[in-house]
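Visitor: Got a structure for you, written out below as structure tokens; questions coming shortly.
Where a number appears in this text, it was derived from the coordinates with a stated rule and is not lab data. This structure is a prediction, so every number in the text was calculated from the model and none was measured. Here the Cβ positions follow ideal geometry from the backbone for every residue, glycine too, while neighbour counts run over all protein chains shown.
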């Protein structure tokens, strides 16, 4: 049997752990909520702050990373991570603002086709955005927002999604990976089935970008949105991203803004909007330079690491975690699907005392993630988690459960767990 020490010795990504800041002795298992700061992210932020210091307003066109084209330059480098063409990706906004942009652009309801299909397990912000767009079009969300139901409260069945792809649906918006359970949905199959019915398809990649490769263009996905602050390690509230398939690039942005202009004409100051050719047209406001800066460092790391290797190690880590947990802590009920092609980068565990267990883990040096009412999420991130870290996490959990240490804590939720 291969030991964790041997696995760490064979790890092709092991040297990247030194790139990240981490408390001594801490095991960070919360990268699916907020990734750690890398030294390169810090350096890029300081560099762009220095360009402001050195150039003032000329920083828009001077320095190593001129601000005027920074978003476009970064977007072309992000595109390979999601399997898109360079002109189909834009580093901009946040997940929610980008959902608003995509729906305002692509959601064109008719009397026959006006339903937006979502799922009942999705992150609340996505649902709020969909509801608001329906209301803006004079449509009652109770009637026109349809939810795919979960049979067990944690995962979705592909056949249940397929059954909801009816002729009155205009758009499907689903997560690529369900945040509570870690289930990875069948993006290509869902997209193909929806297109056969004339339905547009969008995915929220919050819990998959940076953890696994995507093929958005090849899979024919219409649009996608994501953040960069989880597995991509861009920092809290870091600028997000969007993808829109090139076949939709003729559409005017539903929410137009100055930075969506053709860059060769942007400073003409003409009141006639000159739309940029690609995904850049769907920017709205001026880029948040300092919010984008750490992502520059993260992109460098991912370009060196190779997203395919990141996915391979992630699957090894989560496989080891689930196998060790099943043997040592069987009282924790795993709700993440077992097949490799049906899970993202984290393992989700159900237990009535989840909130208290997470507090005990933190005091023992392991940073988990709690999701109400009863979920413990553990995300061994390939770039900075070792196989030994996984083994230690399991042993700490075993101790907490065996000695009932969680009973020393209240069951009240923290604002951020």
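Visitor: Once you have the Cα-Cα distance between residue 157 and residue 288, take 0.36 nm times their residue separation minus that, and quote the gain in nm to one decimal.
Guide: Extra length from residue 157 to residue 288 when fully extended: 43.3 nm.
Visitor: Follow-up. Please report the spacing between the Cα centers of region 26-78 and region 116-190 in Å, no decimals.
Guide: 34 Å
Visitor: Further, regarding this structure: Which values of log₁₀ I(q)/I(0), to two decimal places, follow from the Debye formula for region 23-157 at q = 0.20 Å⁻¹ with a uniform point scatterer at every Cα?
Guide: Scattering profile of region 23-157, log10 relative to I(0): -1.21.
Visitor: How tilted is helix 187-196 with respect to the longest principal axis of the chain? Cα atoms for both, answer in degrees (0 to 90, nearest 10).
Guide: That helix lies at roughly 40 degrees to the long axis.
Visitor: What would the Debye equation give as log₁₀ I(q)/I(0) for region 265-390 at q = 0.23 Å⁻¹, counting only Cα atoms as equal point scatterers?
Guide: Debye curve over Cα of region 265-390, log10 I(q)/I(0) at q = 0.23 Å⁻¹: -1.33.
Visitor: By how many degrees, between 0 and 90 and to the nearest 10, does the Cα long axis of helix 70-82 differ from the longest principal axis of the chain?
Guide: 50 degrees
Visitor: For residue 47 and residue 328, what is the calculated FRET efficiency with R₀ set at 51 Å and r taken between the beta-carbons, to the nearest 0.05?
Guide: 0.65
Visitor: Where does the Debye-calculated log10 I(q)/I(0) of region 45-303 sit at q = 0.07, 0.12 Å⁻¹, using only Cα point scatterers of equal weight, no solvent?
Guide: Reported log10 I(q)/I(0), two decimals: -0.24, -0.70.
Visitor: Taking the C-alpha atoms of region 130-234, how large are the radius of gyration and the largest Cα-Cα span, Dmax, in Å?
Guide: 14.2, 40
Visitor: Sticking with the crude label model, points 7 Å out along Cα→Cβ, report the distance from residue 398 to residue 4 in nm, one decimal please.
Guide: 1.0 nm
Visitor: For the chain, take the longest principal axis of its alpha carbons; what is the angle in degrees between that and the long axis of helix 354-363, to the nearest 10 within 0 to 90?
Guide: With rounding to tens, the tilt is 80 degrees.
Visitor: Could I ask something else about it? Quick one: work out the % antiparallel among DSSP beta bridges in region 45-303, nearest 5.
Guide: In region 45-303, DSSP labels about 40 percent of beta bridges as antiparallel.
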